[in-house]
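The values are calculated or read from the model by the stated rules, or taken from the named source; none is laboratory data. No experiment lies behind these values; they were computed from the predicted model shown. Here the Cβ positions follow ideal geometry from the backbone for every residue, glycine too, while neighbour counts run over all protein chains shown.
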Amino acid sequence: MAGIDSIKEIIYIYGDNHNHCFITSGINYKEFVQGLPFPLQNILLLKHDIQWSEFNLNSSFYYVEREYINQFILEHSEHDDLCWIDFEELADLDELEPKEIAELLYLAHKKEPLQKPFIPRLNNSFAYMNISDGMYQKVYYKRINDFIFMLCNVISYKITQLQRRSLNIFNRSKQINPINIKLMLTLYPLMEDGLIIDLSERVENRKVIEIPIFRVDFYSGVDEILENVEEYRDLTNHIANLTYSKKDDEWSVVQV
């Protein structure tokens, strides 16, 4: 397994399935947003360093409207202290009550909800947090399938980009289809133990691409795992390969 220098080729997932909360590393903010099944409407910034965002007087929170989200993605540093939720209508910010504002402040400060991370008035689907200077992200999802959909897209996107990087200008790599969501759901129960999907150790030939999947059978701090990936390889179980057939343009999970 590669070390910390290749962390973007190592996807680590630790899931709290009961609370729909997933801690991930190796998925940057741009990949997360672009991998979602639908575009974000607006973003309410609970903790941030953005200088040009709009201010809502009622809540005293800043926000980013839909048409500026791409700019926000481009300017956002992965190391920024960041916490946000999405929301649908700007007018709803003016209707937020003190209790709701207090819950949002608690979420930003403690990186966990006081009750639930979803505010019915705002109809948010996500609560997103950067942890440890962006080393990993903690995200609450209203719908589990949104996380699975995003993960499927991100893996195929990363493989496509890695192939393009390895080819010269005279060769072209085709876009690799996203992983079928039903296939990824077969791995979902294992995420509570922690999974490492290691693109840096992929094996490729003319027929297939094989990406090893490791199961972490114990919980340890994410920082500890990511800073000692080589050592953790001996403590994890290589349970399967995520395999892409170039001929059939299909993904499968092959147990080892």
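Only one of these conditions is not met by Ile176: (1) surrounded by 14 or more Cβ atoms within 10 Å (Cβ to Cβ); (2) modelled with pLDDT under 90. Which number is it?
If we test Ile176 against (1) surrounded by 14 or more Cβ atoms within 10 Å (Cβ to Cβ); (2) modelled with pLDDT under 90, just (2) comes out false.
Let's see how each residue does on (1) among the acidic types (Asp, Glu); (2) in contact with a helix residue (DSSP H, G or I) (Cβ under 9 Å, 6 or more places away or on another chain); (3) under 19 Å from Tyr14 (Cβ atoms); (4) at pLDDT below 95:
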position	(1), (2), (3), (4)
Asp86	yes, no, no, no
Leu104	no, no, no, no
Ala108	no, no, no, no
Asn123	no, yes, no, no
Phe126	no, yes, yes, no
Asp133	yes, no, yes, yes
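Of all residues in the range 52-75, count the ones that are closer than 26 Å to Ala102 by Cβ and part of a loop (DSSP other than H, G, I, E, B).
Here the count works out to 6.
Does Met150 satisfy the criteria of being in contact with a Gly (Cβ under 7 Å, 6 or more places away or on another chain), buried (at least 17 other Cβ atoms within 10 Å of the Cβ) and in a helix (DSSP H, G or I)?
Answer is yes for this residue.
Please verify whether the range 225-235 includes one or more residues that are part of a loop (DSSP other than H, G, I, E, B), at pLDDT below 90, assigned by TED's automatic domain parsing to the domain that holds Glu201 and among the hydroxyl-bearing types (Ser, Thr, Tyr).
The answer is no; no qualifying residue exists.
Condition test on Cys83, is it touching a Pro at 6+ places or on another chain (Cβ under 9 Å) and surrounded by 14 or more Cβ atoms within 10 Å (Cβ to Cβ)?
Spelling it out, it is not the case that Cys83 is touching a Pro at 6+ places or on another chain (Cβ under 9 Å) and surrounded by 14 or more Cβ atoms within 10 Å (Cβ to Cβ).
Exactly one condition in (1) within 16 Å of Ala127 (Cα to Cα); (2) surrounded by 15 or more Cβ atoms within 10 Å (Cβ to Cβ); (3) in contact (Cβ under 8 Å) with a residue 40 or more places away in the chain is false for Leu45; which is it?
Going through (1) within 16 Å of Ala127 (Cα to Cα); (2) surrounded by 15 or more Cβ atoms within 10 Å (Cβ to Cβ); (3) in contact (Cβ under 8 Å) with a residue 40 or more places away in the chain one by one, Leu45 breaks only (3).
Could you run through the range 86-102 and say how many residues are in a helix (DSSP H, G or I) and surrounded by 13 or more Cβ atoms within 10 Å (Cβ to Cβ)?
5
Go through the residues of the range 13-26 one by one and say whether even a single one is in a helix (DSSP H, G or I) and touching a helix residue (DSSP H, G or I) at 6+ places or on another chain (Cβ under 7 Å).
The answer is yes, given that some residue of the range 13-26 is in a helix (DSSP H, G or I) and touching a helix residue (DSSP H, G or I) at 6+ places or on another chain (Cβ under 7 Å).
Taking interchain pairs and intrachain pairs at least six residues apart, which have beta carbon atoms under 9 angstrom, with the first residue in the range 147-168 and farther than 29 Å from Cys21 by Cβ and the second at pLDDT below 90 and hydroxyl-bearing (Ser, Thr, Tyr)?
Going by the 9 Å Cβ cut-off, the qualifying pairs are Gln163/Ser173; Arg164/Ser173; Ser166/Ser173; Leu167/Ser173.
Does Asn241 count as surrounded by fewer than 11 Cβ atoms within 10 Å (Cβ to Cβ) and modelled with pLDDT of 90 or more?
No.
Quick one: in the range 1-31, which of the residues that are surrounded by fewer than 20 Cβ atoms within 10 Å (Cβ to Cβ) and hydrophobic (A, V, I, L, M, F, W, C) is modelled with the lowest pLDDT?
Across the range 1-31, the extreme among qualifying residues is Ile4.
Looking only at the range 118-134, how many residues end up being under 17 Å from the mean Cα position of the chain (by Cα) and either crowded, with 17+ Cβ neighbours inside 10 Å or of a type in the set (Lys, Arg) (or both)?
Residues that pass the stated criteria total 9.
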